[in-house]
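Trainee: This is the structure I want to talk about, given as structure tokens.
The values are calculated or read from the model by the stated rules, or taken from the named source; none is laboratory data. Quick caveat, the model's predicted, so the values are computed rather than measured. Here the Cβ positions follow ideal geometry from the backbone for every residue, glycine too, while neighbour counts run over all protein chains shown. Note: accessible area is taken over every heavy atom of the protein model, side chains too, but ligands, DNA and RNA are not part of it. Shrake-Rupley method; radii C 1.70, N 1.55, O 1.52, S 1.80 Å.
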Amino acid sequence: VPNAWMRYYTPPTEKELYDNQFVPAFERIYLMDLWNGVKYKNRNQTLWNVYKVPPGGSIMNSNSGQGQSTTLSPSDVLTDGDATTEYRVNWWPSNVAQAFPHEFEIDMGQTEEFDHLRLGKAGNMNYFPMASYLQIHVSDSNSTEDEDSIHNETSLVFEGIYNNTVSEFVYFNKKVSGRYIKLVFLNNSLLWKDGNPGRTCLSTISTGMH
């Protein structure tokens with residue numbers, strides 16, 4: 001056999017093995033799902049309409065003192081994903097403070113499936129905290145004539161305490177579906193600014209699924 005046909009094998013060094021190892025093309029996808037600090041992924045709420053709210057007003061810059069009034073609609077401040085915009089039920093002075101219950105009704109524009117709600121807390125929790133008894137109704141109907149509408153007990157999916165000093169999330173322990181949501185806040189056991197009786201203040205209403 002001619003010597004030119006012969007090749008003598010020299011085992012590679014550890015460094016050569018390391019420098020020439022195969023790098024898979026899909027390695028770049030590792031960067032696609034890096035956590036960016038957001039704890040809750042909001043769904044598309046462009047179709048949402050918060051069409052019924054108790055007397056009150058929309059607030060911006062709510063993390064600074066009492067915030068400032070804004071012409072933004074309840075739908076705007078409750079679905080914009082901004083924790084510094086909120087809807088605050090009338091609470092002061094006492095002659096305009098809105099008595100309970102406080103009812104919110106939302107048309108999501110289409111039937112959605114979810115197993116919990118996020119009810120965003122106030123921007124200034126030193127002034128406007130909540131610990132409330134809450135009822136949540138979900139249905140595909142908001143007609144007062146339908147037996148399974150959000151106005152009847154058959155649509156009740158949650159009844160219990162909502163305390164946003166502990167958590168903004170309300171879990172149903174089951175999957176529900178519907179187009180309409182009705183929130184009924186029956187009280188607030190926490191005092192607000194200057195010792196005034198607490199009312200209802202929300203910065204977000206959004207649905208989620210485990």
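Trainee: Calculate log10 I(q)/I(0) of the stretch 56-142 for q = 0.15, 0.24 Å⁻¹, where I(q) comes from the Debye formula with a single equal point scatterer on each Cα and nothing for solvent.
Mentor: The Debye formula, applied to the Cα set alone, gives -0.66, -1.43.
Trainee: Could you size up the charge dipole of the chain around its Cα centre, putting +1 on the beta carbon of Lys and Arg and -1 on that of Asp and Glu, and report it in debye to the nearest 20?
Mentor: 600
Trainee: Continuing with this model, one more query. Between VAL96 and LYS15, what length in nm is gained on full extension when 0.36 nm per residue of separation is reduced by their alpha carbon distance?
Mentor: So the extension gain works out to 21.4 nm.
Trainee: Something else about it: Starting with the highest mean, order 165-176, 99-110 by the number of other Cβ atoms within 10 Å, averaged over the residues of each peptide.
Mentor: In decreasing order of mean packing, 165-176, 99-110 become 99-110, 165-176.
Trainee: Counting only protein chains, not ligands or nucleic acids, how are GLU113, GLU145 ordered by accessible area (probe 1.4 Å), most first?
Mentor: Highest to lowest solvent-accessible surface, that is GLU145, GLU113.
Trainee: Which residue fluctuates most in the GNM of the chain (Cα springs below 10 Å): PRO93, PRO54, PRO129?
Mentor: Looking only at PRO93, PRO54, PRO129, the largest GNM fluctuation is found for PRO93.
Trainee: Right, next: If R₀ is 41 angstrom, what is the calculated FRET efficiency for the pair ASP115 and ASP194, using the beta carbon separation as r and rounding to 0.05?
Mentor: Between ASP115 and ASP194 the formula returns 0.60.
Trainee: Another one. Which order do PHE22, PHE128 take by accessible area at a 1.4 Å probe, largest first?
Mentor: Sorted by accessible area, descending: PHE22, PHE128.
Trainee: Under a 1.4 angstrom probe, counting protein chains only, how are TYR180, TYR133 ranked by accessible area, largest first?
Mentor: Descending accessible area places them as TYR133, TYR180.
Trainee: Note the direction-averaged projected area, equal to a quarter of the hull surface, for the Cα convex hull of the stretch 64-210, in nm².
Mentor: Mean shadow area of the hull around the Cα atoms is 9.0 nm².
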